[in-house]
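Here's the structure we're looking at; comments come further down.
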Amino acid sequence: MKTKFIFFFIFLTASAFAQLDFGAGKKFTKADTLRGSLSPMRTCYTVKEYDLNVHVDIDHKYISGSNTILFTVAQNFKKLQIDLFANMNIDKIEYEGQELTYTREYNAVFVEFPDTLKQGSAHSFIVYYSGNPQPAKHAPWDGGFSWDTDNGNPFVGVSCQGTGASLWWPCKDHQSAEPAAMSISITVPPGLDEVSNGRLIKKTVQPDGWVTFEWRVTYPINNYDVTLNITKYKHFSDTYYNPAYPKDTLTLDYYVLPENYEKAQKQFAQVKPMMDCFYKLFGEYPFVRDGYKLVEAPYLGMEHQSCVEYGNKYRDGYLGMSRTDHKFDFIIIHESVHEWWGNSITTNDVADMWIHEGFATYAEALYIEYLYGHDAYMEYMSTEKKTLNNDKPITGIYGVNKEGSSDMYSKGALLLHTIRSIMDDDAKFFAILKGIQEKFKYKTVNSIDIEKYINEQSGIDFSQIFDQYLHYAAIPKLHIIYSQVGADLKIAYKYDVPETGNFAMPVKITVEKGKYDFIIPTTKTQLMTLKNMSIEDLKVATDLFYISTEISVLDEDKLFKRK
């Protein structure tokens with residue numbers, strides 16, 4: 001949820017300079033490098049599975065437990081890196097019945113094995129840990145635990161996108177490192193419920209009255225998606241069936257505060273039409289075995305895999321605020337579509353998070369189009385422009401856990417809208433969206449993977465367009481200078497893209513009164529005569545293409561030689 005481009009990753013090793021300035025006024029530290037880079041002590045092993053066990057002491061805002069890390073060796077090594085925030089204690093690390101030695105630097109933990117582990121071999125070790133995880137100052141944008149109450153009951157949740165899962169559990173905390181499966185066991189005080197990712201396998205009341213909830217995730221999952229939710233919940237359920245996928249029925253489980261049960265039954269009716277839309281556009285829900293859950297949380301919302309958090313107060317729009325008259329619950333739609341764009345397909349580096357947020361934001365508009373038609377879609381897309389600053393690139397800095405501008409939401413959506421307009425072939429465009437899901441399902445990707453796929457499948461080279469919109473702040477400006485010569489309009493036109501100086505992109509203008517057609521402006525001036533047109537007839541389809549325009553008049557003798 002959280003509110004480029006050089007064609008290579010910057011992987012900075014732990015021996016990098018103490019501070020590096022990447023040109024945006026931000027000083028990146030060694031801690032940033034350790035958090036965001038794929039150093040040899042991270043690439044030497046591949047996590048296959050986690051088995052996370054956490055005991056939550058709500059009264060003291062304290063957690064304790066263990067994580068068993070099962071991995072295979074990618075390259076021979078004796079030392080590897082895991083991550084756990086410095087304010088959290090490591091009690092011990094065990095491997096094959098013996099304690100391992102380790103060192104800590106910032107939030108990184110370097111674990112040393114007694115012998116060299118050989119490439120291709122499989123191993124596991126257990127990290128026992130405890131501490132008071134950092135509280136979220138403004139969840140979900142500021143990562144941490146939310147220790148709230150509701151009607152006298154604890155109301156606890158965690159959100160950590162961007163900040164890092166290692167703020168509350170030890171793991172290989174890099175977005176490219178997804179285990180193939182995961183077990184999650186959360187123990188909570190008597191009388192409370194707990195909801196995490198995947199399927200509930202078992203609920204066990206311990207001798208002291210505390211209750212352990214055991215969940216199983218059977219798909220790859222990114223670290224920031226792992227979650228817990230604790231309070232007294234009222235649960236209701238339903239199923240969703242789509243005839244295009246006759247072998248699978250999707251379970252829908254809802255966990256809400258008891259006082260909101262009736263409101264939830266009404267509001268969550270939006271889930272089924274949403275599924276109809278996204279199944280059609282993007283394919284089957286990616287985590288059918290684990291099911292779909294919508295869980296009330298003490299913060300606005302988050303796309304935790306198979307356990308979508310909801311805190312939109314049972315209002316349409318964004319806490320009741322809507323951009324258009326075409327209503328839908330923003331949190332249900334936006335956070336749920338991340339199951340496809342962000343959870344099934346995850347970026348290797350947070351620098352490419354425009355893929356998560358741009359596609360998810362664009363899906364909002366496609367949902368509007370599905371419900372209300374193309375004109376409503378166009379209206380919704382026009383509102384996206386009002387949210388933008390265009391002050392920084394929407395691609396971040398690689399290797400230091402740095403996202404790009406928050407413009408990634410709307411600008412990413414407008415980039416996709418522009419690509420759709422250039423293709424001018426909806427059947428092919430929507431086949432590409434579904435094809436991305438089919439090709440990259442359950443994988444981590446780089447932006448270049450998605451860009452290359454769109455280029456290949458469309459038969460159009462969008463490279464300059466991706467480069468401009470992803471890696472530079474300014475959008476292209478189309479300059480048109482005109483002169484009326486009798487009944488005809490003579491125009492000179494070109495793009496102004498000062499950051500790159502080289503750009504070409506099709507756009508539609510009126511080439512006859514009321515009739516639009518493509519021209520292909522570049523950064524070089526081109527001339528064109530529009531027969532039987534005046535300047536009042538000249539329109540640029542800025543509703544279809546995210547560009548700015550500047551139209552001005554110049555004396556014809558300064559631009560055209562009259563015969």
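Bear in mind these aren't lab numbers, they're just calculated from the coordinates by the rules spelled out. Please read these numbers as outputs of a predicted model, since none were measured by experiment. Every residue, glycine among them, receives a Cβ derived from its backbone with ideal geometry; neighbour counts consider all protein chains shown.
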For this session: State whether the range 248-385 is rounded, prolate or oblate according to the following rule on the C-alpha gyration tensor (a ≥ b ≥ c being the square roots of its eigenvalues): a/c under 1.5 gives rounded; otherwise a/b larger than b/c gives prolate, and the remaining case gives oblate.
Result: rounded
Problem set entry | Alpha-carbon spread of the range 44-337, three principal axes, descending order, Å | 63, 45, 39
Exercise. Using only helices, what value at 222 nm comes out for the chain when you add -39,500 (n - 2.57) per DSSP H run of length 4 or more and divide by the total residues, to the nearest 500 deg cm²/dmol?
Worked result: -6500 deg cm²/dmol
For this session: Apply 1/(1 + (r/R0)^6) to the Cβ-Cβ distance of D391 and H235, taking R0 = 41 Å, and write down the FRET efficiency to the nearest 0.05.
Result: 0.35
Exercise. Cα gyration tensor of the range 180-291, axes a ≥ b ≥ c as square roots of the eigenvalues: rounded (a/c below 1.5), prolate (a/b > b/c) or oblate?
Worked result: oblate
Exercise. Could you give the nm distance between label points at A180 and T103, where each point is 7 Å from its Cα heading toward the beta carbon?
Worked result: 3.4 nm
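In debye to the nearest 20, how big a dipole does the range 44-337 give about its Cα centre with +1 on each Lys and Arg Cβ and -1 on each Asp and Glu Cβ? Intermediate values should be presented prior to the final figure.
Working: 26 positive and 37 negative charges, 96 e Å.
Dipole size: approximately 460 debye.
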Exercise. So in the chain, what percent of DSSP beta bridges are antiparallel if you round to the nearest 5?
Worked result: 80 percent
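Ranked highest first by average number of other Cβ atoms within 10 Å, how do 116-124, 146-154 line up? Don't jump to the answer; show the numbers that get you there.
Details: 116-124: 13.0, 146-154: 14.7.
Most protected by this proxy first, the peptides run 146-154, 116-124.
How much length is gained on full extension from K313 to Q119, taking 0.36 nm per residue of separation minus their Cα-Cα distance? Intermediate values should be presented prior to the final figure.
On the way: separation 194, 0.36 × 194 = 69.84 nm, distance 5.12 nm.
Going from the current span to full extension adds 64.7 nm.
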Problem set entry | Overall form of the range 477-559 per C-alpha gyration tensor (a/c, 1.5; a/b vs b/c) | oblate
Exercise. So what's the Cα pair-distance distribution over the chain, bin width 10 Å, in %?
Worked result: 3, 16, 25, 24, 16, 8, 4, 2, 0, 0
Exercise. What distance in nm separates the simple spin-label points at D375 and E259, each placed 7 Å from Cα in the Cβ direction?
Worked result: 4.3 nm
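So if R0 is 51 Å, what FRET efficiency would K78 and Y442 give, r being the distance between their Cβ atoms, rounded to the nearest 0.05? Please report the intermediate quantities before stating the final value.
Numbers: r = 31 Å, r/R0 = 0.61.
Computed FRET efficiency for K78 and Y442: 0.95.
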Problem set entry | Per-pair calculated FRET efficiency, R0 = 30 Å: K272 and S322 via Cβ, rounded to 0.05 | 0.90
Exercise. How many angstrom lie between the C-alpha centres of the range 482-551 and the range 225-241?
Worked result: 53 Å
Seminar exercise, completed: Label model pair E94, A487: point-to-point distance (7 angstrom along the Cα→beta-carbon line) in nm is 9.2 nm
